[in-house]
Every structure is written in C-alpha cells, then in structure tokens.
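Heads up, the thing below is written out as structure tokens.
The values are calculated or read from the model by the stated rules, or taken from the named source; none is laboratory data. Being a predicted model, the structure only gives us computed values, none of them experimental. All Cβ positions, glycine included, derive from the backbone under ideal geometry; neighbour counts span all protein chains shown. For accessibility, only protein heavy atoms count, side chains too; no ligands or nucleic acids. Shrake-Rupley method; radii C 1.70, N 1.55, O 1.52, S 1.80 Å.
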Amino acid sequence: MKPLLLVLLLFSYIGYSQQTINAIVIDSADNSPLEFVGVYNSKDHTITNEDGRFQFSSSLDSITIYRVGYDKLHTVFQKINDTIYLNKSVLELNEVTVTNEKTLWQKVRDSIRSNYPIYPYKEKFLLRGVLRYNGEITRIQDLQGKLERKTLLYTGKINPDKKDFKVELTNMRKVGLVKDEKKVYFIFETFYQLFMNFTPMNATGDAFDLTESTFNNGSKTNLSFHTKPEFNNEIINGHYIINNDDNAIERMYMVINSKNNPYKKDGNIRFRTVAIEKEISLSKSLITNRYYIASAKYDVKVEVTDDKNSYTSYYDVSFILTTSDNEGDFDVKKNVSTSKDLFKIKYPYDQRYWNAQNQLLLTNEMLDFIEKVQDPSNEFKVRSNIKN
C-alpha cells in the first residue's frame, strides 16, 4: 500500500503545482504586438504590456487569451508557444441608428443594481503610471496594494466623496526625473482622481449620436457614441460592449479630443489637456455574479508652453490598473493618502517582490530607462526608491 500511497501523493502534488508561461501576443494580420490583452482563467489573471509580452502563472491548466476585436483563444499551458497570434474578429453587424430609446441604455440603467456592486467591497490592485516628455519616458511608477471602495458605480443617489476609497499600499517602485529642462514638474493624479477616472461614464445624452450593432449571434451589442457636429469644441467618440443576456457593460472605450481648450497658468507656464483616452474592461464574478473592473487604461496628453509661446512641449501620461481578489475577505488598513500626488508618495522598495511580480511586465523601453536614469552621470535630478 505504501507505493500506491506515494504515487497518489505525487499526482496530487503535480495536479496543484504552479505552471508559468512567458510569451508575446501578436496581431496575425500585421505582426504588431498587442497591448492590454487579457490572459486568464477562473483563478488567475494578467495582461500584456506595450511590447505584447506577458508572464502567466497558475495552478490551473486552462488559459483564455482575449482582447476586444479579436477572436477569443481557449488553450492550455502545453499548447502555448512563445509567440501567440490573434485573429481580428469578423463580425456580421446589423447596424441601426438609435433615434428613440426604452432603449438598450435604459435596460442597462435598470440592471445596474443586479449587475454591479453598489455597496462597499474590497479588491487588490496593481497600478502603473508612465510619463513621457516629447515622446521619451521620464517617469515610471508601479503601486500594488489593497483597496476598499464605497461602490463601483455612482448612481443618482450616491455622490462621489474623497473618503470613498481606502488604500493600503503594500509595494511600490518608482524612478523618474523630477523636472524637465524647462524646470517644469508634472503633477501625477491622486488615487481618488484615478479611481474616479476608471469609472464607466454615461455618453448617451442629447449631445451624442448613437449606433447599435449586434454581433456574436446577437448575444452582444456594440453601442457606439459620437458627439453631434454642433458640439465641435470637444469631440468624444467610443463605444460600449453590452452583454444582451443581462444588459451589463463588459467594456467601455472613449476618446476625447479638445479643440481650442483654454490654457491654465502656473507662473509663466501655460498648459492644457488636448486629448484623453480611456479603456475599461469588466469581468463577471463566478461567486457573486456581479461585474468588476478587471483592467483599465487611462491616457492623457497635455500641451505645455510659456507666456511668449517660445516653445511647445507635450506630456503623455498613461495609467494602467489591474485588479484581483474582487470582493475578497481581507483587511484594508489605510496607510496612504488618496489625495496626494502619486509620485510624491514614499514607500520602501522590496526587490524580492518586484523580481517575482508578473501581473504587468516592464517593457524593454522601461528597463532601458531605469538603467539610464540611475546612471550617476545623469544631469537631471532623479526621484527613486529603487535599490539594486
């Protein structure tokens, strides 16, 4: 009996052992790397970085690889190659311009309380901020921790408040130039501002033209929106992906381009936001049957000049959020302000954690920047908590 017992124990161990895969996801049509691709199963989740690369670890063998607009790939660890090609979806769309709604959007509104946690809940998060100055990286910051929210969505009866989010920061790495060659410091947003910006917005009022397109045999609807021509100072377009079985938003994508946006002033510096891009992906919990933000991205382009218009520079800041353990049972002990510029937050660097972190890999460009900016011969002042 002892040999049999040993064999059973061995198979039991193998069945629950962790498997890891490193790969890159590519568009099969043009061979370009695909960012923000979800790689997941019922237990674990990660996303690809700007290089299309990811590292995924799980004790389960199943893997789903998916990005909206591409065919979903269901596979297992043994069948994953170093390079994964995704095919763009071929959708047969039945397009109808919406003129009068009990419309699809009203059905979405009526289903909010059954589809989303409109109550306090907890989750774990990884947040990445990257700042570029005239196209070159000047700052990188990763923050990992626990979050307690008052609600996922804000209805007419729930007004936003800075106390709606409680954050326990558990890991952080940051490195970046404090100021550019014009002596300008770019202020990062706060936890509160970012979590509010990662909330899906209503873009279905009188200012928008709406178009419905059903696909996936009628199970999904693409609800596209675009500002009407008379609202030409700010052009907003994008879409919602709505699950027709429960009328829940599964994805939101929005682009805002501002024309003639007035400048704000800070001393002799003038600046204005010229573009915003937002993407939010939601997943349904198998436990609660409610939707949570699985991942989100928020990009902003800011134009900077001086009183004499002697130069024009551009800052591009990008924030990526991924979450896990949604509605988890754990304590959140607040240890950081949600109203403070993220880049001014202080927290020690844990090299072991970041060496093992695989939820969102650093790109080759980021690795090169970190090495270059920490060179003692660098002429600019650097703020960093990274210690090699």
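Quick check: anything in region 360-369 surrounded by 18 or more Cβ atoms within 10 Å (Cβ to Cβ) and more than 20 Å from the chain's Cα centre (by Cα)? Within region 360-369 (the criterion being surrounded by 18 or more Cβ atoms within 10 Å (Cβ to Cβ) and more than 20 Å from the chain's Cα centre (by Cα)), the answer is yes, since at least one residue qualifies.
Table: residues versus (1) free of Cβ contacts under 8 Å to residues at least 24 places away in the same chain; (2) out of contact with any Lys or Arg (no Cβ under 9 Å at 6 or more places or on another chain).
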position: LYS346; (1), (2): no, yes
position: TRP354; (1), (2): no, no
position: GLN359; (1), (2): no, yes
position: THR363; (1), (2): no, no
position: PRO376; (1), (2): yes, yes
position: ASN385; (1), (2): no, no
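The single residue among GLU92, GLU101, GLU50 that is outside any strand (DSSP E or B) and modelled with pLDDT of 90 or more turns out to be GLU50. With respect to the conditions (1) open to solvent by less than 40 Å² (accessible area, probe 1.4 Å); (2) among the polar types (S, T, N, Q); (3) within 30 Å of ASN385 (Cβ to Cβ), GLN193 lacks only one, and its number is (1).
Restricting region 45-84 to residues that are among the charged types (D, E, K, R) and in contact (Cβ under 8 Å) with a residue 60 or more places away in the chain, which is farthest from PHE319 (Cα to Cα)? Once the filter is applied, the top-ranked residue is ASP82.
When region 33-44 is filtered for residues that are in contact (Cβ under 8 Å) with a residue 60 or more places away in the chain and of a type in the set (S, T, N, Q), only SER42 remains.
Yes/no matrix, rows are residues, columns are (1) open to solvent by 40 Å² or more (accessible area, probe 1.4 Å); (2) not in a strand (DSSP E or B):
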site	(1), (2)
GLU212	yes, no
ILE236	no, no
TYR253	yes, no
ASN261	yes, yes
ARG272	yes, no
GLU279	no, no
SER283	yes, no
ILE287	yes, yes
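Among the residues here, THR323 qualifies as assigned to a strand (DSSP E or B), polar (S, T, N, Q) and closer than 30 Å to THR151 by Cβ. When PHE188 is tested against (1) in contact with a Leu (Cβ under 9 Å, 6 or more places away or on another chain); (2) open to solvent by 20 Å² or more (accessible area, probe 1.4 Å); (3) part of a loop (DSSP other than H, G, I, E, B), only condition (2) is not met. Considering region 289-307 alone, what residues qualify as being surrounded by fewer than 17 Cβ atoms within 10 Å (Cβ to Cβ) and not in a strand (DSSP E or B)? Passing the criteria: ASN289, ASP307.
Does region 249-259 include one or more residues that are more than 17 Å from the chain's Cα centre (by Cα), closer than 30 Å to SER324 by Cβ, at pLDDT below 95 and of a type in the set (Ser, Thr, Tyr)? The answer is no; no qualifying residue exists. Within region 115-168, if we keep just the residues that are surrounded by 19 or more Cβ atoms within 10 Å (Cβ to Cβ) and among the small types (Gly, Ala, Ser), the residue that is nearest to GLN357 (Cα to Cα) turns out to be GLY145.
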